[in-house]
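J.: Take a look at this one; I'll ask things after.
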C-alpha cells in the first residue's frame, strides 16, 4: 500500500500542471495514510448555542491531567459547573468554574507533575529540518506535533491545542479549567502549563466568540459566559452517534510530502517557496472519518 | 531621557519581587518610548454592526499598493463596493467587492511590482538573536517587525498584518481586495503577497466574526457578508475625532527589555523561560495615545 501512495504522489507531480498543494495531497491521500482517534480519547463538549467541540485527549503527554479530565467527565462535573469565562484576542478561549469554588469529585489528583514534559524522545519521533524560534527540535510522533530538547519532549502551544489552566506555581492545574489556543501559538507557555489534547473539530465554534472586555479577556458580565451543557467521552455515546475523527499518520509518506508542500509551495498561486515552516503550521491534518 | 527609562527598568528589576512581565514594561514605559502613527498613514474602516478597524499603512514596505489604497479611499470606492466576504478559521478575514466587477477609479496601478520585498536592509534594522523557521533573519525597524535575507527585506505574515488579495501571478493585486491575518502567522505567504499595513485597533471586531462555510471560508449567503460602510484616512476627520495610536519605538531600550521579557518570562507565573520567541509574538506593542 505504500506503493499505491507513492504512485499517487508521482501521478500528482507528473500531472502536467503545477505541483500539488497541501490540500491536494490531503484530498488524494489513501485510507492507509490516516488513523482514527480512539473513541476512548475523544472528548465531546457541547456549549450553549449548539457549539460543539471535539477534543482528542493526549494521555501519552499529560497522563495524570488526562486521567483527571476523564474523572471530571465521568462525574458530570463540567456541565454542573463550567462555562466559557474568557476569550482573549490572539490567545485563548478558556472554560471552567466561574466561582472557582465548586468542589471536585473524589479521585482528582491536585497537582500532577508529569504533564509539562515527558522523558526522552517519543516513539517514532521524526524531526523537521527547520529551525525553531524557541530553540527546540520540533517534529512529529504518533499523529502529534512534538518539541524536544533531546532529554525530554512535550507538546507545543499551537492553535487548537488544549491546555490546563492553573494558579501560581507549584500549582499545575487539575483539568477542571481548560483552554484552547486561538491566534499565534504562545510557545512561551510550553513546559509552563500542561497540554492535554487538541481540538479536532469545532474550533470555529469557539474562536468566533466575542472577546471578553475584562483583563485577560475575561467576560465581565456573567450573562456573557457560554455554559457547558454536556461533556462526554465518545465511548459513552451509542456507536452510530459518535463523532469519528481521523488524523494523518505522521509516519506515512504522504505526510512527508505534505510537510514539503507546506514548506515549499509550488502550486500555481505561489511564486516563491518559503523553504521552511513553523511547527504550528504543521499540525497533522485531521478530518471526519469517511 | 534614556537615563530615565533605564532608571525605571532598574527600579522594576530591583523591586524585590519577580521580574517585570512584558505588560509591566509596557505599562511602566516613558512617553519617549512611543511614537505616534502619522494621521496620514492611519486608515479607518467602519463595517456594519459598529465594527471599526484602524490600520497603520506601511508605505515604506509596499509603496504603490499603499498609494492605491489611498486613492481607493479618496474616491469613495470601498463603501460603494466592498464587504467582508471571507472569514477562514486560523487564516484570514478578507474584504473586497463580492462581484469582482466594480470598476476601479482612475490612477490605480494594476500590478505593482514593488510590494513583495524592498532592497537591502531598512534603516535602523535590529536583528533578533532567535532562529526563524522560514530561514530569514528577523528583527525590527521603525516600529515594524521585519524579515530579511540580507539582500532584501519584507514584512512577515503575522496576525494583525494586512495583505493585498490577488489573482494568479503575475497579478499582485491592487489594494481593492484586502485581508487581515487571524490565527497562526501564514509566513509561507511572505514575498508571495504584498503586505500593506497592520491593524492597530479593532482586531477583535473582525476576528470574532462567524467563519464562512464555503471553500476557503467564503460566506455562501450574500446576507452573511459584512458591508464596509465607511473608509477614511484619519486626516479627513476633524482633529478632535481622529483615533490616535502609538507604537513602541523599536530603537528604545524599553523595547529591548520587552523583547527579553517576552522571550524569557521570569514573572511569577512562569517556572521556565523559553529562551527565544517567534517574530509573530514580537510585533511592537501599540496603544491608544494617552
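J.: Just name the residue that is nearest to the chain's Cα centre (by Cα) out of those in the range B:153-165 that are part of a strand (DSSP E or B) and within 14 Å of chain A (Cβ to nearest Cβ).
T.: The first filter runs over the range B:153-165 and keeps only residues part of a strand (DSSP E or B), leaving B:153-154, B:161-164.
Checking which are within 14 Å of chain A (Cβ to nearest Cβ) leaves us with B:154, B:161, B:163-164.
Working: B:154: 13, B:161: 3, B:163: 9, B:164: 13 Å.
If we take residues in the range B:153-165 being part of a strand (DSSP E or B) and within 14 Å of chain A (Cβ to nearest Cβ), then B:161 is nearest to the chain's Cα centre (by Cα).
J.: Out of all the residues in the range B:28-40, which are touching a helix residue (DSSP H, G or I) at 6+ places or on another chain (Cβ under 8 Å) and within 30 Å of residue B:238 (Cβ to Cβ)?
T.: Hits for the range B:28-40 are B:29, B:30, B:32, B:33, B:39, B:40.
J.: Additional query: So, residue A:150, is that one away from chain B (no Cβ under 12 Å), touching a strand residue (DSSP E or B) at 6+ places or on another chain (Cβ under 9 Å), within 20 Å of residue B:133 (Cα to Cα) and in a loop (DSSP other than H, G, I, E, B) or not?
T.: Yes.
J.: For residue A:274, indicate whether it is within 14 Å of chain B (Cβ to nearest Cβ), over 26 Å from residue A:66 (Cβ atoms), in a loop (DSSP other than H, G, I, E, B) and in contact with a strand residue (DSSP E or B) (Cβ under 8 Å, 6 or more places away or on another chain).
T.: Numbers: within 14 Å of chain B (Cβ to nearest Cβ): yes; over 26 Å from residue A:66 (Cβ atoms): yes; in a loop (DSSP other than H, G, I, E, B): yes; in contact with a strand residue (DSSP E or B) (Cβ under 8 Å, 6 or more places away or on another chain): yes.
Here the answer is yes, as residue A:274 does meet what is asked.
J.: Check the range B:56-63 and report whether any residue there is in the same structural domain as residue B:214 (by TED's automatic domain parsing) and part of a helix (DSSP H, G or I).
T.: Taking every residue of the range B:56-63 in turn, at least one turns out to be in the same structural domain as residue B:214 (by TED's automatic domain parsing) and part of a helix (DSSP H, G or I).
J.: If you check B:43, B:25, which single one turns out to be surrounded by 13 or more Cβ atoms within 10 Å (Cβ to Cβ), at pLDDT 50 or above, part of a helix (DSSP H, G or I) and touching a helix residue (DSSP H, G or I) at 6+ places or on another chain (Cβ under 7 Å)?
T.: Numbers: B:43 fails: part of a helix (DSSP H, G or I).
The unique qualifying residue is B:25.
J.: Do the conditions hold for residue A:287, that is, is it more than 23 Å from residue A:95 (Cα to Cα), within 22 Å of the chain's Cα centre (by Cα), part of a strand (DSSP E or B) and more than 14 Å from every other protein chain (Cβ to nearest Cβ)?
T.: yes
J.: Also, I was wondering about something else. Specify the residue that is nearest to residue A:35 (Cα to Cα); the eligible residues are those in the range A:129-147 that are part of a strand (DSSP E or B) and within 14 Å of chain B (Cβ to nearest Cβ).
T.: A:145
J.: On to the next question. What tally of residues in the range B:83-128 results from selecting those that are in a strand (DSSP E or B) and either surrounded by fewer than 18 Cβ atoms within 10 Å (Cβ to Cβ) or free of Cβ contacts under 8 Å to residues at least 12 places away in the same chain (or both)?
T.: Adding up the residues that qualify gives 3.
J.: Right, next: Please verify whether residue B:88 is under 30 Å from residue B:221 (Cβ atoms) and within 14 Å of chain A (Cβ to nearest Cβ), treating the condition exactly as stated.
T.: Details: under 30 Å from residue B:221 (Cβ atoms): yes; within 14 Å of chain A (Cβ to nearest Cβ): yes.
The answer is yes for residue B:88.
J.: Suppose we keep only residues that are in contact with a helix residue (DSSP H, G or I) (Cβ under 8 Å, 6 or more places away or on another chain) and either closer than 22 Å to residue A:189 by Cβ or surrounded by fewer than 18 Cβ atoms within 10 Å (Cβ to Cβ) (or both) within the range B:250-262. Which one would you say is nearest to the other protein chains (Cβ to nearest Cβ)?
T.: If we filter the range B:250-262 for residues that are in contact with a helix residue (DSSP H, G or I) (Cβ under 8 Å, 6 or more places away or on another chain), which is where we start, we get B:252-255, B:257-258, B:261-262.
Of the ones still in play, those that are also either closer than 22 Å to residue A:189 by Cβ or surrounded by fewer than 18 Cβ atoms within 10 Å (Cβ to Cβ) (or both) are B:253, B:257-258, B:261-262.
Values: B:253: 21, B:257: 16, B:258: 13, B:261: 10, B:262: 7 Å.
Ranking the candidates gives B:262 first.
J.: Right, something else. Filter the range B:166-190 down to residues that are more than 26 Å from residue A:93 (Cα to Cα) and away from every other protein chain (no Cβ under 11 Å) and give me whichever is surrounded by the fewest Cβ atoms within 10 Å (Cβ to Cβ).
T.: Applying the filter and picking the extreme gives B:177.
J.: Another one. Here is a check on your reading of the model: is residue A:265 facing chain B (nearest Cβ under 10 Å) and farther than 22 Å from residue A:45 by Cβ?
T.: For residue A:265, the condition - facing chain B (nearest Cβ under 10 Å) and farther than 22 Å from residue A:45 by Cβ - is met.
J.: Return the residue satisfying two criteria in turn: it lies in the range A:46-58 and is loosely packed, with under 13 Cβ neighbours inside 10 Å and touching a helix residue (DSSP H, G or I) at 6+ places or on another chain (Cβ under 9 Å), and of such residues it is farthest from residue A:251 (Cα to Cα).
T.: Top of the filtered list is A:49.
The values are calculated or read from the model by the stated rules, or taken from the named source; none is laboratory data. Keep in mind that this is a model prediction, so the values were computed, not measured. No Cβ is skipped: glycine too gets one built from the backbone with ideal geometry, and neighbour counts run over all protein chains shown.
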